[in-house]
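Worksheet: one structure, shown below.
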Amino acid sequence: MKFQVPRGTRDILPGEVERWLWLEDRTRRTLALYGYREVRTPIFEATELFVRSVGEATDIVRKELYTFQDRKGRSLTLRPEGTAPLVRAYIENAPVRAEIPARLYYMGPMFRYERPQAGRYRQFWQIGAELLGSAKPEADAEMIDLFRSILWDVGLRDVIVLLNSLGDSVCRPRYREAIRAYFMEHQDALCGDCRERLDTNPLRILDCKVPSCAPVIARAPSVLESLCGPCAEHFAAVKRALDGLGIRNEEAPRLVRGLDYYTRTVFEIQSEGLGAQNAVGGGGRYDQLVKDFGGPDTPAIGFSIGMERLLLATESSGESGTTAPDACVVALEPGAALEAQILARRLRGQDDLPEGRKPLRVLVDVAGRSASSQMKWASKTGARWAVFVPKQGDGYAVRDMAAGKDEAKQPTDEALREWLLARIDRGEPREALR
Ligand code: AMP
């Protein structure tokens, strides 16, 4: 029987995984610089959590949830996004709420039953940040600035922020009615899904990607023109802050995004190099969600970045990190295999050496190769050095694999370790090695 990776998912293999680790490291670093701390929530949650927050009429909830029953008949769902779980955890854990505003982030796989296409998967990774406890435009500006800095730090400089406001409980119902009336008038030109949305969620029509809907959507009334005074002022303040921070932005009155919990600011960041699926990520304000979930009145804003997209967009700039070993220990006779393993462990710095030891990447043959095949194998791994056991009278023999030249013998394993460390410099902090 032959198995295949499930449709819409993929294996991330050695060679590519280094780029993921690099991206994760860089992103965590940037998040920490802004004072954001990680929360790890379960991969699955009560189904109701997503239905109530993401919204019953959204594509995600209608068509894309991976829902199952556990043995006690509870309905659970693999998380399609990270905000609802994080808000649940925020409400459930008082220590997380102690800091106002709370600066939190998550990183991990999300699951949506979507039609697979380039850059679109059924299991994909997101990095998301959330700022809970401030309604001020400064919070919006910090979020978007943080997003921009994450991208900047991994070499993505050519980005633009699309900015919109969806209004609040005062002006959004008015706009909803205006836009429903407009689309009712033009319903003959709308696709079947959009005609359904007229009743369930007319704002979602703005997000429709069916080409025949585009001309009607393009002439729809703009949400920005129907904002109430406070929402208009908030939007203007966010724009002023972004301009002040030197972040390229553009008004996008048709931007609604695929989740229902947003209020006021919504945004998306696009990268020029990505083609059709050019949104690296997006986010928005959700001033009602914490309260809707039974928590304290807590205005909040967040964003999420698609990691596959980010990797695509940074293809040319990502460092891959070296995986070649520093040294291979070669056993010159079959009886020396154990000695080789012992020496390899000491060279790695994994024995009784003091804290703060520097790591060396050392491989040893465990496939019973002859001495000459071990040499071929060592050269194939890209190891810079080969060291030989058994130890001879005056020490360990060492060979520079690149230069094909034998070096002076080293009397002890400690001396050998120091000798290797002194010669191996990758021009990067050794802690960062993968
Ligand atoms: P959303 O949670 O829908 O706001 O999406 C935020 C970001 O996650 C998008 O801009 C994409 O970069 C990424 N994303 C969303 N859905 C997928 C998917 N099915 N496959 C890959 N990336 C995705």
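The values are calculated or read from the model by the stated rules, or taken from the named source; none is laboratory data. A quick note: this is a predicted structure, and the numbers were derived from the prediction, not measured. Cβ sites come from the backbone with ideal geometry, for glycine too, and all protein chains shown count toward neighbours. Note: accessible area is taken over every heavy atom of the protein model, side chains too, but ligands, DNA and RNA are not part of it. Shrake-Rupley method; radii C 1.70, N 1.55, O 1.52, S 1.80 Å.
Couplings 3J(HN,Hα) for region 16-22, derived from phi with the Karplus relation 6.51 cos²θ - 1.76 cosθ + 1.60 (θ = phi - 60°), are 8, 4, 4, 5, 4, 5, 4 Hz, where x marks Gly and Pro.
Per residue, the solvent-accessible area of region 1-136 (1.4 Å probe, heavy atoms of protein chains only, all protein chains present) comes to 55 Å². In region 327-425, what percentage of the DSSP-assigned beta bridges are antiparallel, given to the nearest 5? Close to 50 percent. Of the residues Y396, Y105, L31, the one whose Cα sits farthest toward the positive end of the charge dipole of the chain, with +1 on the Cβ of Lys and Arg and -1 on the Cβ of Asp and Glu, is Y396.
Each Lys and Arg contributes +1 and each Asp and Glu -1, all at the Cβ; summed about the Cα centre of region 327-425, the dipole is approximately 400 debye.
Tell me, what is the per residue accessible area of region 327-425 in Å², probe radius 1.4 Å?
Working: 5380 Å² over 99 residues.
Per-residue accessible area for region 327-425 comes out at 54 Å².
Once you sort the root eigenvalues of the Cα gyration tensor of region 1-118 as a ≥ b ≥ c, which label holds: rounded (a/c under 1.5), prolate (a/b larger than b/c) or oblate (the other case)? Here region 1-118 falls in the oblate category.
With q set to 0.13, 0.14, 0.20, 0.24 Å⁻¹, the log10 of I(q)/I(0) for region 327-425, from the Debye formula over equal scatterers at the Cα positions, is -0.40, -0.46, -0.98, -1.42. Keeping the other protein chains in place, figure out the carbon and sulfur percent of the accessible area of the chain, with a 1.4 Å probe. Carbon and sulfur together cover 51 percent of it. In the chain, how many lysine pairs have Cα atoms under 21 Å apart, counting only pairs 8 or more places apart or on different chains? Total qualifying Lys-Lys pairs in the chain comes to 8. Beta bridges from DSSP with both residues in the chain: antiparallel share about 80 percent, rounded to the nearest 5.
Remind me, relative contact order of the chain in percent, using alpha carbon pairs under 8 angstrom and six or more residues apart?
In percent, rounded to a whole number, it is 15.
The distance between label points at A237 and K358 comes to 5.2 nm (points 7 Å beyond Cα on the Cα→Cβ vector).
For the chain, what is the charge dipole size about the Cα centre, in debye to the nearest 20, if Lys and Arg each add +1 at the Cβ and Asp and Glu each add -1 at the Cβ? For this selection, approximately 820 debye. Taking square-rooted eigenvalues a ≥ b ≥ c of the alpha carbon gyration tensor, is region 227-293 rounded, prolate or oblate, where a/c under 1.5 means rounded and, failing that, a/b exceeding b/c means prolate? Since a/c reaches 1.5 but b/c is at least a/b, the shape of region 227-293 is classed as oblate. Take region 218-307 with all the other protein chains still there, run a 1.4 Å probe, and you get 38 Å² of accessible area per residue. Each residue of region 123-140 was assigned a 3J(HN,Hα) from its phi angle through the Karplus curve 6.51 cos²θ - 1.76 cosθ + 1.60 (θ = phi - 60°); the sequence is 10, 9, 9, 10, 10, x, 10, 9, 10, 10, x, 9, 9, 7, x, 4, 5, 4 Hz, with glycine and proline shown as x. Please turn the phi angles of region 200-206 into ³J(HN,Hα) values with the Karplus equation 6.51 cos²θ - 1.76 cosθ + 1.60 (θ = phi - 60°), one per residue in order, whole Hz, x for glycine and proline. The phi angles translate into 7, 6, x, 4, 4, 4, 4 Hz. Expressed as a fraction of 2.2 N^0.38 Å, the C-alpha radius of gyration for the chain is 1.26.
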